[in-house]
Amino acid sequence: MGRTLQLHRFSMTMEVGVSLERAIELSAQLPLVREEETIPLIRASGRTLFEDLRSMVDDPRFDNSAMDGWAVREADCEEDGTKLRIVGTSQAGSESIPTVDVGEACRIMTGAPVPPGADAIVMVEDSSVSGDRVTINGLARPDFIRWKGENLTQGTVALRSGTVLTPASVSLAATMGHAKIRVVRKPSIAVIGVGDELTPPGEPLSENSIYESNTFGISSLVEKMGGKSMSLGLISDSMDRLRETLDEAAASCDAIITSGGVSMGEWDMVRRIMEEEGDVRFWKVMIRPGGPPLFGSWRGKPIFGLPGNPVSSHIVFTVLVAPWISSSMGSEEGSRPGLAKRVRVEMEEPLKGAPGKLCMRRISIRQMGDKLLGSTRTHQGSGNIHSMVAHNGLSLLPPDSDCHEGDTIDALWLI
Ligand code: AMP
Ligand code: MG
């Protein structure tokens, strides 16, 4: 019978053993689809803006007082103890405002319009009233007036497309007059755990099986990044089950993340099936922990194959998948999670680096005076997820470099 001599599908495009920066670059070539939906502003915190948001109004809308006190003419108040005639009151929201002429003052509340003729405010604490006169005992200050448009003018873009909305930006959007806004639709990301030994927590463990944890961690990370995680469960190390599940994921989700099965072993099914039937853009990144991740597409959908070791999958997500989601959703480079958010830390203990690889040991970072100090607390093994909980940072030790006590290193502060 004739043989089929198939060209290795990925040998044409796949890069093996890339730097983390190159992995970020290659994955950005295959982004998530960026689609929009319109939602009420009150639901917008944490969502990503789909479009630039312009102000519909000037902010402030009119000249108004920053203090409770008196609207006056500055020139009238040069002498301490000046007496001015009270012409009325300007309250926040009031419609008719008196004019202030020479020798006159108008009572004014914080946020109320500055009456025509007035050009300065005297604080209420610096005045005393007797009948229809007010005596001015302090400074008349033009800088207690909040001038029309001094924060924003109508039409200004104050929030850019790709911004992740904080509570303060939601408040700003309301100030600008927006009741509904266009945000990036949450990408749905399938999460699949692969391994014969895995049992969901809550179910009885058979001999040599372990509780599965990665799909929980990865799903939580997806949600934290503004995505919708779709757990497609656990599958055994079987090519047929894996193919079926990947097909289901590709048909129903925007992207796929698997955990486990991407190393060199014969049972590393994700690597095998991607090699034989998928499109692999890179395999293996020069990092420790988390060396064997894989990226490419399955039936047209981007797929990350993360390593099975719980710390590895968590770290690869943090430094590779999170910035990919963020850039896919339109964020600017400097505001993405991952390497862009590095700090400098003085280590209180030595750290072992890794030959040829960027080394991300778990470290605890704390502020001491004007320095950030780093230390380690638990065993660093890539299977020890407790090390991610007991620490709040990752070292970024350059390849081939050990860190000595007292050295200053780059690190990620995971707060
Ligand atoms: P693998 O990448 O499949 O060779 O798995 C590497 C290590 O990670 C093994 O010790 C697995 O038992 C463990 N592992 C793989 N997947 C998971 C998972 N979903 N949850 C917890 N541990 C896992
Ligand atoms: Mg496995």
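The values are calculated or read from the model by the stated rules, or taken from the named source; none is laboratory data. Predicted model, so just to flag it, every value in this text is computed and none were measured. All Cβ positions, glycine included, derive from the backbone under ideal geometry; neighbour counts span all protein chains shown.
A few points about this structure:
- For Gly162, the conditions (1) surrounded by 18 or more Cβ atoms within 10 Å (Cβ to Cβ); (2) assigned to a strand (DSSP E or B) are fulfilled apart from (2).
- One residue from Val170, Val129 being part of a helix (DSSP H, G or I) and either touching a Leu at 6+ places or on another chain (Cβ under 6 Å) or more than 16 Å from ligand 1 (Cβ to nearest atom) (or both): Val170
- Qualifying position, being closer than 30 Å to Arg336 by Cα and touching a Lys or Arg at 6+ places or on another chain (Cβ under 7 Å), among Val102, Val170, Val164, Val157: Val157
- Residue match in segment 300-314 (condition: among the hydrophobic types (A, V, I, L, M, F, W, C) and within 9 Å of ligand 1 (Cβ to nearest atom)): yes
- Of the listed requirements (1) farther than 21 Å from Ser219 by Cα; (2) touching an Asp or Glu at 6+ places or on another chain (Cβ under 7 Å), Ser297 misses just one: (1).
- Conditions (1) surrounded by fewer than 15 Cβ atoms within 10 Å (Cβ to Cβ); (2) at pLDDT 95 or above: number failed by Asp68: (1)
- Residue check for Ser236: hydroxyl-bearing (Ser, Thr, Tyr), in contact (Cβ under 8 Å) with a residue 12 or more places away in the chain, closer than 16 Å to Ser313 by Cβ and within 16 Å of ligand 2 (Cβ to nearest atom): no
- Of the strands (runs of 3 or more DSSP E) lying entirely inside segment 10-75, not one contains at least 1 residues that are of a type in the set (Val, Ile, Thr) and touching a Pro at 6+ places or on another chain (Cβ under 8 Å).
- Of the residues making up segment 214-269, those that are under 29 Å from Ser45 (Cα atoms), within 16 Å of ligand 1 (Cβ to nearest atom) and part of a helix (DSSP H, G or I) number 10.
- Tally, over segment 126-149, of residues that are of a type in the set (Asp, Glu) and touching a strand residue (DSSP E or B) at 6+ places or on another chain (Cβ under 8 Å): 2
Results for (1) touching a residue at least 40 places away in the same chain (Cβ under 8 Å); (2) within 30 Å of Thr215 (Cβ to Cβ); (3) not hydroxyl-bearing (Ser, Thr, Tyr), shown as yes or no for each residue.
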{"position": "Ile136", "(1), (2), (3)": "yes, no, yes"}
{"position": "Ala140", "(1), (2), (3)": "yes, no, yes"}
{"position": "Thr153", "(1), (2), (3)": "yes, no, no"}
{"position": "Thr156", "(1), (2), (3)": "yes, no, no"}
{"position": "Ala168", "(1), (2), (3)": "no, no, yes"}
{"position": "Ser171", "(1), (2), (3)": "no, no, no"}
{"position": "Lys186", "(1), (2), (3)": "yes, yes, yes"}
{"position": "Ala190", "(1), (2), (3)": "yes, yes, yes"}
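- Residue ID - surrounded by the most Cβ atoms within 10 Å (Cβ to Cβ), chosen from residues in segment 198-213 that are within 13 Å of ligand 1 (Cβ to nearest atom), in a loop (DSSP other than H, G, I, E, B) and at pLDDT 95 or above: Glu212
- Applying the criterion of being touching a Pro at 6+ places or on another chain (Cβ under 9 Å) and crowded, with 18+ Cβ neighbours inside 10 Å to the residues of segment 109-151, the residue that is nearest to Phe62 (Cα to Cα) is Arg146.
- Index of the failed condition, Ala173 passing every other in (1) in contact with a strand residue (DSSP E or B) (Cβ under 8 Å, 6 or more places away or on another chain); (2) within 30 Å of Ala255 (Cα to Cα): (2)
- Count of segment 327-343 residues, restricted to those that are touching a strand residue (DSSP E or B) at 6+ places or on another chain (Cβ under 8 Å) and either of a type in the set (D, E, K, R) or surrounded by 22 or more Cβ atoms within 10 Å (Cβ to Cβ) (or both), is 4.
- Ile181 within 28 Å of Pro337 (Cα to Cα) and in a strand (DSSP E or B): yes
- A single member of Val262, Val184, Val270, Val194 is aliphatic (A, V, I, L, M) and away from ligand 2 (no atom under 16 Å from the Cβ), and it is Val184.
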